[in-house]
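Undergrad: Below is a structure I'd like to ask you about.
The values are calculated or read from the model by the stated rules, or taken from the named source; none is laboratory data. Because the structure is predicted, anything quoted here is derived from the model rather than measured. Please note: Cβ atoms are built from the backbone with ideal geometry, for glycine as well, and neighbour counts cover all protein chains shown.
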Amino acid sequence: MQAINVIDLVKRGFNRAIENIGLFLGAELSAAGLFFVVISILGILSVLISRTFGITFPLKSAPPVWGWLFMAVIFVGFLVLIDIMAMGFIRLSLRIEDGQAAGIRTLFEAKHLVWRYIGVSFLYKMIMLGGSMLFVVPGIIWGIQFSFATRVLVDREVGIIDALRASSRLTEGHKLNLFAIYLILFILNGIGSALYGIGMLFVFPIGLMISTAAYRRLAS
């Protein structure tokens with residue numbers, strides 16, 4: 001069992017993020033630009049669909065079912081894009097941690113895994129919800145136990161259940177140290193959010209690289 005040192009991993013993740021801050025800022029701005037374009041297009045489509053199918057707010061009458069269906073498709077498409085970007089940043093952090101070449105295009109390398117990613121994320125949320133209903137503590141334990149499932153998926157390109165099982169094996173015996181790491185990340189996110197959100201541009205890469213450093217240490 002590979003031991004982990006919380007302070008060493010925090011330092012490693014911080015240094016990796018700072019060394020590659022230009023790349024991360026470029027990736028974040030590129031993702032933001034993509035979201036802006038997509039949201040603009042979806043907004044125009046939503047208006048056209050609303051007018052075509054007579055959907056108005058507040059609703060004066062029940063609109064045609066096809067109108068709601070098209071709106072639902074647009075919404076789901078946007079959620080899929082969010083998950084593709086989430087996988088992209090995980091892949092980017094893995095490349096950096098492994099000392100491999102990485103760039104903006106890395107954000108889209110794992111897009112073929114998006115449906116498995118959605119499945120893993122859904123099951124993880126259900127596990128967290130179930131644990132939270134059992135007096136919170138089980139939710140924290142299970143949340144840590146399966147916290148690396150999405151990284152395993154993007155890294156090894158395995159199935160949904162295999163990703164959850166691998167995360168469970170990797171975190172076994174390390175939950176207390178991982179809890180300390182996630183507590184540090186929670187504090188960092190709070191600081192970033194307090195700085196009018198702009199701080200998250202810098203805090204997000206740091207937290208991402210700290211988590212990835214922990215994952216790689218346990219997976220090695």
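Undergrad: Tell me, please, whether a residue that is of a type in the set (V, I, T) and modelled with pLDDT of 95 or more can be found in the range 121-137.
TA: No, the range 121-137 contains no residue that is of a type in the set (V, I, T) and modelled with pLDDT of 95 or more.
Undergrad: Could you tell me whether any residue of the range 125-138 is of a type outside the set (V, I, T), closer than 23 Å to E97 by Cβ and under 18 Å from the mean Cα position of the chain (by Cα)?
TA: no
Undergrad: Here's a follow-up. Residues that are over 25 Å from N5 (Cβ atoms) and either out of contact with any strand residue (DSSP E or B) (no Cβ under 7 Å at 6 or more places or on another chain) or hydroxyl-bearing (S, T, Y) (or both): does the range 165-185 have at least one?
TA: Yes, the range 165-185 contains a residue that is over 25 Å from N5 (Cβ atoms) and either out of contact with any strand residue (DSSP E or B) (no Cβ under 7 Å at 6 or more places or on another chain) or hydroxyl-bearing (S, T, Y) (or both).
Undergrad: Quick test for you: out of L29, L9, pick the one residue that is of a type outside the set (S, T, Y), closer than 20 Å to L188 by Cβ, within 23 Å of the chain's Cα centre (by Cα) and modelled with pLDDT of 90 or more.
TA: Just a single option satisfies the conditions, and that option is L9.
Undergrad: Okay, next question. When the range 190-200 is examined, which residues are found to be buried (at least 16 other Cβ atoms within 10 Å of the Cβ) and either outside any helix (DSSP H, G or I) or at pLDDT 90 or above (or both)?
TA: G199
Undergrad: Scan the range 173-192 residue by residue and report those that are touching a residue at least 24 places away in the same chain (Cβ under 8 Å) and within 19 Å of P138 (Cα to Cα).
TA: Scanning the range 173-192 gives G173, H174, K175, N177, L178, F179, A180, I181, Y182.
Undergrad: Can you tell which of I127, I104 is under 27 Å from V6 (Cα atoms) and hydrophobic (A, V, I, L, M, F, W, C)?
TA: Result: I127 is the single residue among I127, I104 that is under 27 Å from V6 (Cα atoms) and hydrophobic (A, V, I, L, M, F, W, C).
Undergrad: Before we move on, is A213 modelled with pLDDT of 95 or more, surrounded by 18 or more Cβ atoms within 10 Å (Cβ to Cβ) and over 21 Å from K11 (Cβ atoms)?
TA: Against the criterion (modelled with pLDDT of 95 or more, surrounded by 18 or more Cβ atoms within 10 Å (Cβ to Cβ) and over 21 Å from K11 (Cβ atoms)), A213 does not qualify.
Undergrad: Just for the range 59-69: of the residues that are part of a helix (DSSP H, G or I) and at pLDDT below 70, which one is surrounded by the most Cβ atoms within 10 Å (Cβ to Cβ)?
TA: Checked the range 59-69; the qualifying residue surrounded by the most Cβ atoms within 10 Å (Cβ to Cβ) is G67.
Undergrad: Could you list all residues from the range 1-34 that are farther than 14 Å from G207 by Cα and in a loop (DSSP other than H, G, I, E, B)?
TA: Those that are farther than 14 Å from G207 by Cα and in a loop (DSSP other than H, G, I, E, B): M1, Q2, A3, I4, N5.
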